[in-house]
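Every number in this text was worked out from the coordinates using simple rules, so none of it is lab data. Quick caveat: nothing in here was measured; it's all calculated off a predicted structure. A quick note on method: Cβ atoms are made from the backbone with ideal geometry, for glycine too, and the neighbour counts reach across all protein chains shown.
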Amino acid sequence: MGKETKQYDRPSGWRNTQPIQRESITVQHFYDATRERFRLTLLAGGEGLANLITDKSLHRPGLALAGYVGLFTYHRIQIFGNTEIFYLRSLTLEEKIKAFSTLASFSIPCIVVTSSNGLDPELLAICDERKIPVFETKFETTKAVYFLSDFLEDQFNPQTVIHGAFVDVYGVGVLFVGRSGIGKSEVALDLIERGHRLVADDVVMVTQKGESILMGAGTDLVRHFMEIRGLGLINVREMFGIRAIRFQKRVEVIVELEEWHADGEYTRTGLDESTAQILGVDIPHVRLPIVTGKNITVIAEVIALNYLLKHYGYDASREFATKLEQVLLKKGGEKVSRGDRVIPYFEHDFE
Amino acid sequence: MIHRTVTIKNRAGLHTRPAAAIVKLASKFQSEFYIIKEGFRINGKSIIGVMTLAAAQGTPIELEFDGPDEEQAMKEMVEYFEKGFEEEI
């Protein structure tokens with residue numbers, strides 16, 4: 001018995017995840033990934049495309065242009081908005097070159113000029129010489145900063161790999177975890193058969209987005225392949241078609257499949273909500289003991305529907321508890337309800 | 001829990017046949033088995049997981065064993081890696 005308890009107490013392997021944090025991306029990668037989306041054109045400094053971007057923040061170098069370079073965060077992408085451009089335009093050519101040279105003497109990864117403002121040929125020449133790529137976008141600064149920050153955040157946010165099956169059930173991202181061989185893939189397959197959509201099986205890449213959002217996706221190599229023990233590998237997309245898959249989904253509920261333990265504490269009312277952490281983000285967590293005669297697939301659907309109900313403001317366990325309280329209060333000391341029928345009198349209804 | 005670092009020895013790398021053999025060997029044991037490569041930590045009992053690693057010849061990878069028979073599992077697994085998956089080195 002001691003052994004059983006020990007195994008049960010040991011945190012399952014899926015929890016010991018290691019965050020993978022990207023330390024840098026090349027300007028080339030940044031350019032390739034964003035040129036079409038953000039309409040970037042390269043104006044100068046093409047030789048510096050191997051420069052590294054190491055920070056997800058952006059910087060407006062207004063003060064550095066004006067000559068104050070204390071605390072200048074030169075390692076960030078430098079955004080030249082209207083302020084910077086109009087300031088430069090207010091200077092004589094000589095002053096302009098001097099101001100810009102000060103800035104360009106730092107190892108800047110790249111410069112983005114917004115609102116199609118362009119940059120003087122003399123300044124572009126400095127960038128060529130210093131190997132600082134200069135991009136131009138037609139978007140105005142606010143929009144450009146929003147787009148670029150979102151892209152950089154996505155690239156630099158912590159990621160991790162979770163061993164599990166990830167399915168979109170009624171629009172809710174349900175991540176099944178548990179020891180290998182417990183039947184995660186089989187549950188996923190069953191859900192696909194019932195019209196739900198597979199995001200990834202076995203290798204789920206989870207990326208943090210913002211403070212409290214986790215996005216899950218498969219890896220490029222695996223896509224929508226699945227291993228079903230006894231059968232081998234199957235391709236869900238080929239077999240069930242496009243409606244059975246999706247590329248990414250927010251992780252909203254973790255369902256942990258485990259063997260039934262008589263001494264395990266499973267929630268009975270659902271009032272005590274438990275959570276599990278991935279990358280430091282708390283996600284609702286349901287421990288589902290597997291016992292004979294239990295249809296995990298249907299329960300998974302109910303978990304998803306229950307999540308949706310709660311999301312839209314309805315909590316069954318709370319409602320039941322409230323109803324009970326009302327009954328107790330109403331009848332007070334006189335007579336406690338022994339569980340009255342829904343319909344007090346059946347009349348002549350014998351159906 | 002025990003950790004061991006090994007390198008891929010055979011020329012063809014960790015392709016389908018050795019991946020399947022690793023999973024088969026790992027499944028013999030009760031212990032949990034994880035393989036870690038460049039921060040990617042995947043379950044060594046999952047064929048898709050192991051193939052995802054796409055580990056070429058010379059790649060260092062870390063093996064993690066955790067469970068009642070971890071010593072034996074580690075011994076047999078490390079031996080299989082050391083042999084270059086019984087392939088041309």
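Overview of results
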read-out	value
Under 17 Å from A:Lys209, Cα to Cα: lysines that are on another chain or at least 8 residues apart	A:Lys56, A:Lys249
Residue (of A:Phe38, A:Leu191, A:Pro344) at the positive-pole extreme of chain A, dipole from beta-carbon charges	A:Pro344
At least 15 Å along the helix axis (C-alpha) and Kyte average at least 0.0, DSSP helices within chain A	A:93-104, A:141-156, A:296-311
Distance between modelled label sites at A:Ile213 and A:His29, nm, 7 Å Cα→Cβ extension	2.2 nm
Gyration tensor (alpha-carbon) shape descriptor, the protein assembly as shown, a/c threshold 1.5	oblate
Rel. contact order, % - alpha carbon contacts under 8 angstrom, at least six apart, chain A	14 percent
Only Lys, Arg (+1) and Asp, Glu (-1) charged, at Cβ; chain A dipole about Cα centre in debye	140 debye
Gain on full stretching of the segment that runs from A:Thr83 to A:Tyr68 - 0.36 nm per residue minus C-alpha separation	3.8 nm
Cut-off 19 Å (backbone N to label point 7 Å along Cα→Cβ of A:Leu52), residues of the range A:132-171	A:132-133, A:152-159
Farthest positive-ward along the protein assembly as shown dipole, Cα basis, beta-carbon charges - from A:Pro19, A:Met205, A:Phe106	A:Phe106
Neighbour cut-off at most 15 other Cβ (10 Å), DSSP loop, GluC sites (Glu not before Pro), the range A:201-254	A:Glu211
Neighbour-limited loop hits for GluC sites (Glu not before Pro), the range A:17-55 (at most 14 other Cβ within 10 Å; DSSP other than H, G, I, E, B)	A:Glu23, A:Glu36
Beta bridges per DSSP with both ends in the range A:191-330, % antiparallel, nearest 5	70 percent
Between the range A:41-114 and the range B:17-45, the alpha-carbon center distance in angstrom	49 Å
Pairwise label distance in nanometres, A:Thr102 with A:Asp282, each label 7 Å out on the Cα-Cβ vector	4.9 nm
A:Ile228-A:Asn16 pseudo-label distance in nm [points 7 Å out on the Cα-to-Cβ vector]	3.2 nm
Among A:Val251, A:Asn117, A:Thr269 - extreme Cα towards positive end, dipole of the protein assembly as shown, charges at beta-carbon	A:Asn117
Pairs beyond 23 Å (Cα-Cα), from A:Lys184/B:Lys83; B:Lys9/B:Lys45; A:Lys184/B:Lys45; B:Lys9/B:Lys75	A:Lys184/B:Lys83
The range A:102-150: relative contact order as a whole-number percent, Cα under 8 Å and 6+ apart	44 percent
Rounded to 5, the percent of DSSP beta bridges in the protein assembly as shown classed as antiparallel	70 percent
